[in-house]
Each structure stands twice: as C-alpha cells, then as structure tokens.
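See below for the structure under consideration.
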Amino acid sequence: MRLGYLYSRYPVISQTFCDAEMLALERLGVELEIGSVYPPLTSLRHEHISRLRALIHYAPPQKILRIWEKEAKTTGKWPGELVDRHERKYGSGVKAEQRARNALYFADLFTRNCVDRFHVHFANRAAHTALFVKEISGIPFSVTAHGQDFMKDLGNDDLLREICAGAEFVAAETDYSRELLCQRCPDSAAKIHRVYNGIDLERFPDLFPPQANAAPHIISVGRLVAFKGFEHLIDACGELVRRGLDFTCEIIGDGPLRDDLQAKIDMLNLSSRVSLLGSLSQVAVLEKLRSADIFALASVTDPQGASDVFPTVIIEAMTAARPVVSTRLAGIPESVVHGETGLLVSPGDTTELAQALEQLMRDPGLRSRLGRGGRARVEQHFQIEHTAAPLVELFEKTPAATRKPRQRRASQDEAAIATHQIAYLIDCWPDKDLPLLEHEFQQMKQRNVPIVPVVCELNSAARLTRAMEQLALSMEFLPDAMVMEAEWRANPALGQKLEEERAQKDIRAPSAIFLRQARLALVVRRMLQEKKVSHVHATSSRALVCALILQELIDVTVSATIEPRPELPQSWIESALRKCKGGRLSDRKLLRERSRSFVFDKAAFCSTPRKVVGLLGKNIGIDLTTGASFWQEWAELLVRWSGEKA
C-alpha cells in the first residue's frame, strides 16, 4: 500500500499523535507520501520526527501555484465547476480557489508517486483541499476528525457534510467526537468510526517510579490558549498556597496568553512556585514527566466554544505512570477514569481543582495507585499498535486509485539515464546572472538529459516571462527558512561537523554564505536521495558552496557554472573547482588552469548586444554564439559526469 498524508501544516509540536501514527504505519510496511500545505510555525521539532522515512513535501509559493492554475485551465485539469459551486454555496471565506491551487500540486505529487489513497488529519482546510485533490486526480481520501476542527475551525456544517460524504471513511478520535459528527452528518453516520489516537510505548520503555519530592511537583503541558484552562490551574495553585501546602508547578508550552498568565502568576505572588517554561522538545517533556509527582490539565470550553477533546499529553502522562488531574470535558473521561487513573473535576471550578491536587499531594500511596492504573489503561487501550490496526483495516477496505495503463517499457538507454538524475542547484530564481537558464533547460530536454531544477529561494518580485512560467512547472522549490532551521536543529552533530570542517580549511567560504548554504544542503540532500540524483550542477558560486557540502553528505558528483562577477573570493573558487568534475567558466584565466572538462561559458554573454559579442569573441579567439554544438557538448558532459563515481 502506498498511502498519502495531507496536512494543513506539518509538523506541529502539539500533534505528536500524527507522528506516532505515521511511524507505526511505516513499521507495518506502509509506504508514505507526506504533503503539507503550509510550513511549520516553529523550528522546534520533536526528536522522533527524524525517524520518519518519508520526505515531507511542501506546496510551492502561491506565485508558482498561480502558474499551475493557468496551466491547468489550459489543459482542462482546473476543477472550475467545483470551485464555482463552493464559492456560491459557502462564500469567499472558504477560499475555494486557493484550495484548488494547492490541490493541483498535491494531486500531481500523489499521482507521480503512485499513491493509492490519502488520509487527512483534521476536518479543516486540508480536508477541504482533499475534495479538490480527489476531483483532479481521482485518488480517494479519508479523514480523521478531532473536535475543534469541525466544531469551530471549519466554520460550516454544510461543508463538513460534503467533506464526510466525499471521504471513503471518517475516523473520530473519541466516542464523544463521533457522536457529534454523526449528529452533524447523519447521512455519513455509517462510515464514521471511532479510532483512538495511540502512543508509542517504546518511548516509555520503563515505568517511571513514583516521585518522592520533598515538595510535590506538578506539571502541565499545552498551548497557552484559553481552553487549556491554565488560568484556573494558576488560581488553584494560589489556593493551595493559602492552605499552607508546599509544592512547585511547571507549565510547558507557549502561546498568545503567555504574558497574561505570567501577569497572573506575579499578581498572586506565585513566581517562586509556578513557572512558564515555554515549548520544549519531546525528550525534554518526558524528562519533566519523569521528575513530576502529578500531571494536571484544567481544560475548559473557551468563549468561542473551543475545547480540548482528547489531549494526547494526558495519555503520555498516564503512560509515564503519573496520576492525572483533569476535567469532565468532551472525550477526557474516555482516557481518565475517575478514581482509577486520576481525578476529574468540573471545568472551571478552581476550588474543586485545588481539592483534587491537595488530595494527591497529601497521599503518596494514592498517587502511586492511580499512576499504575493509568499505565495499565494505556497498555490495554491506547498503545499505537492497537489503535493503528483498525485504521489499517479501514485503509485496506478503501478502493485504490484507478491507474492508467502502463506506458511502453523504457529502452535500456532510457532506463540507464533515468537512474542518473542531474540536479541543477539554483540559489535564487529568477536571476539576472542566469539569463539563458530557461533556454538551457529547453536544450537539455530536447537531448533527453534528466534535469531536476531545485530552487533554493524564489525572487518573488521578479516578473516571469512565458518561458519562465513553463520552466517553473518543472521546478522543485525548497520550503521556507523555518523548515531549513528545523532541519539544522534536528541534526546538531552533523551541523557541528560541517562547521568544524570549514574551520579547519585554509580557504573558507564567507560564514554568512556557508551557514545559509549548509542549511539548504541538509534539506536538499533528502530530496536528491529520493529522486536518485547522482550529479549536482551548481549554477552559481553561491550554489557551489551547497553542492560541495552535498558532495560530503551523499554520493554525488559536482560541476559548476561560475558567473562573470562571482560573490565568493577568487581563492575559494579556485580551490572549490578542484573538487568538481568540470563546469562552465567565463574567466579565461580560470579556464586555462582547468582540465578539458571545463568549457568556456558562452551563455554568460547572451545579454550582451550581438555586435559586442562578435567583437569580444574575435578578440579572445572563441565563438561566443550559443549554438547547438555548444549545448550538445554540455549535455554530453553532464550525462558523462552523472554516471561517474564521486
């Protein structure tokens, strides 16, 4: 089974259940293709994300997607009727046109990579996008609905009913949310199934022994938003102080209410007892659980009707054998059994919350009994192997996408070329220093040279010609700086190694350029490996910094085009070119010192008036016109290098 996953935004630090689910599916042998409409809002990632084998694909910038839209309208792939109907029925607020543009990219991605079916977490804009992906590609989809997504975020029950009707099945994370969905979507009730979010017990290999802190230690985890009820927890802490109890409380997470909550802590003179720690990685959160005596989450319903439904962090606390104090709200009682795994109180009742916390603080034996009960409940109902099984069963019952008949079998020569993809690394595009790039790709395409153009940064201010628009359709655009930083932070040892290697070199790339290109390289490497790229051509001196880092990280050969006025120092360029198989140079001195694999870059003079080019060529004894023979020679060099070992 080849299964797609489509998210509005991925990864999200508070949604560890998505990570656990996909990792479990990969362990079961399911091949995944992960798509995210938007990049993450923070570079902080949980450590277990690095275990995902699947690459995360992000939609290109909207400027590029508008080119996809224009092309789709020309070829008849634009779902115009569905867009028009949704705008008439649901209004402009649902952004049907934008959803359709995003869908074009993911429909193409899933089709190219032979995805049989795809799944969406949250009945929100990603689920709306899924309707358009299905319309364009015919690939069936399913949805996991949670609670706030369809109760508040989607904002339209008619659209929710259409999403559920279009899905092959809908998984609801609790019995509570399933019942709500069935009430809203009665015609789809038969295909709405309760499927709990699960947890990977391998992350909790041992029972955390009960803590015996001199002063009981309480922790809470969640986004600092109203429905998490942190203001009530802080008020309860104030009440505990008035009762003469000694304790500490740490709140992990970040969000818009941070300043308000800190002000409340200061006003109640609780700063020596209650701390806001901000966002922490999953490993750090588990260490905090290990050191805690009690886990508390005072969930409420906010003024807009939003609430927790089934907080994963409660399951994590129970897995760590920590007693839980929470509220009788939504699906929380499906995880916390009052008196067996924790204590439940009325939402918003500060006095009752303080009483439950005091009861646990004064009774270590009760804490231990409830903690063991929580662990046992997780092992019985919520470990990921148990929760993934019904999901896999539902996937297997979902019809796969209908595939077109296989094309003719490629010839031996064509197959050989296909196994040696060539990446063109483009630091910024469009670029006035790459005036013939569109023509160059056209020439390579005519000669069946398998080029993968990788754009590190889009120059969004530049006006695109028709030729540029055609090229943009085949380009891979790297995600934004937040993704780059996340990858860098997720690989600290590798990042440190690259920096140390640079420091030991006599001739070094400027630090600002190196740090940016190193971050790019960590993201690009996985893309190149997925596409089986064997050769990287750097289209500028800046891109060459990235290409040479890639040469160290993965098994690729490298070539380069050096622009007439390079940004990097001449000494670095001379040193870097020694590591290249060949390339194109417009500096005659550099060219004389290189092997015959380096050719004079005639393309560098294409923006110069033809008369001047003729005179210049006469003076240096080189024909500067970029005719067919030049491109044929270049194509042959690229193909040769792509088949050689690094």
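The values are calculated or read from the model by the stated rules, or taken from the named source; none is laboratory data. The structure displayed is predicted, hence computed values, not measured ones. All Cβ positions, even for glycine, are placed from backbone atoms using ideal geometry, and neighbour counts span all protein chains on display. Note: accessible area is taken over every heavy atom of the protein model, side chains too, but ligands, DNA and RNA are not part of it. Shrake-Rupley method; radii C 1.70, N 1.55, O 1.52, S 1.80 Å.
Take every Cα pair under 8 Å whose residues are at least 6 apart in sequence, average their separation, divide by the length of the chain, and the relative contact order is 11 percent. Surface composition of the chain: carbon and sulfur make up 49 percent of the accessible area, probe 1.4 Å.
Our note on the geometry: Cα centres of the range 74-141 and the range 159-190, 19 Å apart. Relative contact order of the range 553-604: 37 percent, from C-alpha pairs under 8 Å at least 6 residues apart in sequence. Solvent exposure of I332, expressed as accessible area, is near 0 Å², computed with a probe of 1.4 Å over the protein chains only. Charge dipole (Cα centre; +1 on Lys/Arg Cβ, -1 on Asp/Glu Cβ; no other charges) of the range 329-401 amounts to roughly 240 debye.
Projecting label points 7 angstrom from Cα along Cα→Cβ for R2 and S92 puts them 4.0 nm apart.
Ordered by solvent-accessible area of protein heavy atoms (1.4 Å probe), largest first, the residues R362, R447 come out as R362, R447. Which of the three applies to the range 1-42, rounded, prolate or oblate, going by the alpha-carbon gyration tensor with a ≥ b ≥ c and a/c under 1.5 meaning rounded? Judged from the Cα gyration tensor, the range 1-42 comes out oblate (a/c at least 1.5, b/c at or above a/b). Which shape class, rounded, prolate or oblate, goes with the range 157-276 when its Cα gyration tensor gives a ≥ b ≥ c as root eigenvalues, a/c under 1.5 marks rounded, and past that a/b bigger than b/c marks prolate? Prolate, since a/c reaches 1.5 and a/b exceeds b/c. Estimated from the Cβ-Cβ distance and a Förster radius of 60 angstrom, the FRET efficiency linking Q442 and M267 is about 0.35.
Kindly state, to the nearest 0.05, the FRET efficiency for Q496 paired with S281, given R0 = 25 Å and r defined as their beta-carbon distance. Could the numbers behind the result be given before it?
Working: r = 18 Å, r/R0 = 0.70.
In this case the efficiency is close to 0.90.
The percentage of C-alpha pairs in the range 91-172 whose separation is greater than 16 Å is 46%. The relative contact order of the range 226-342 comes to 28 percent, based on Cα pairs under 8 Å that sit 6 or more residues apart.
Let me check something: with ligands and nucleic acids excluded, how do S540, S511 order by accessible area (1.4 Å probe), largest to smallest? Intermediate results must be reported in sequence, preceding the final value.
Numbers: S540 15, S511 65 Å².
The most accessible residue leads, giving S511, S540.
In the complete set of protein chains, residue-level accessible area for R466 is approximately 130 Å², probe 1.4 angstrom.
Placing a label point 7 Å from the Cα of K579 along the Cα-to-Cβ direction, the residues of the range 481-498 with a backbone N closer than 12 Å are 498. Each Lys or Arg adds one and each Asp or Glu subtracts one; over the other residues with Cβ under 13 Å from the Cβ of M267, this totals -4. The angle between the Cα long axis of helix 282-291 and the main principal axis of the chain comes to about 20°, on a 0 to 90 degree scale. In this rough spin-label picture, where each label sits 7 Å from Cα along the Cβ direction, the R161-A376 distance is 4.6 nm.
Kirkwood hydrodynamic radius of the chain, from the reciprocal of the average inverse Cα-Cα distance over all distinct pairs: 27.7 Å. Surface calculation, 1.4 Å probe, protein heavy atoms: V337 sits at approximately 40 Å² accessible. Compared with the dominant principal axis of the Cα atoms in the chain, helix 364-381 is inclined by about 50°. With 19 Å as the limit on Cα-Cα distance, the pairs of K95/K134; K63/K95; K134/K445 that go past it are K134/K445.
The distance between label points at E202 and E396 comes to 2.1 nm (points 7 Å beyond Cα on the Cα→Cβ vector).
Take the alpha carbon gyration tensor of the range 1-148, find the square roots of its eigenvalues, order them as a ≥ b ≥ c, and report rounded if a/c is under 1.5; if not, report prolate when a/b exceeds b/c, else oblate.
Values: a/c = 1.82, a/b = 1.58, b/c = 1.15.
Taking the square roots of the gyration eigenvalues as a ≥ b ≥ c, the range 1-148 is prolate.
Compared with the dominant principal axis of the Cα atoms in the chain, helix 437-446 is inclined by about 80°. For the chain, the solvent-accessible area works out to 43 Å² per residue, with a probe of 1.4 Å and every protein chain left in place.
Any chance you could check the Cα centroid distance between the range 479-537 and the range 538-607 for me, in angstrom? After rounding, the separation between the Cα centres reads 18 Å.
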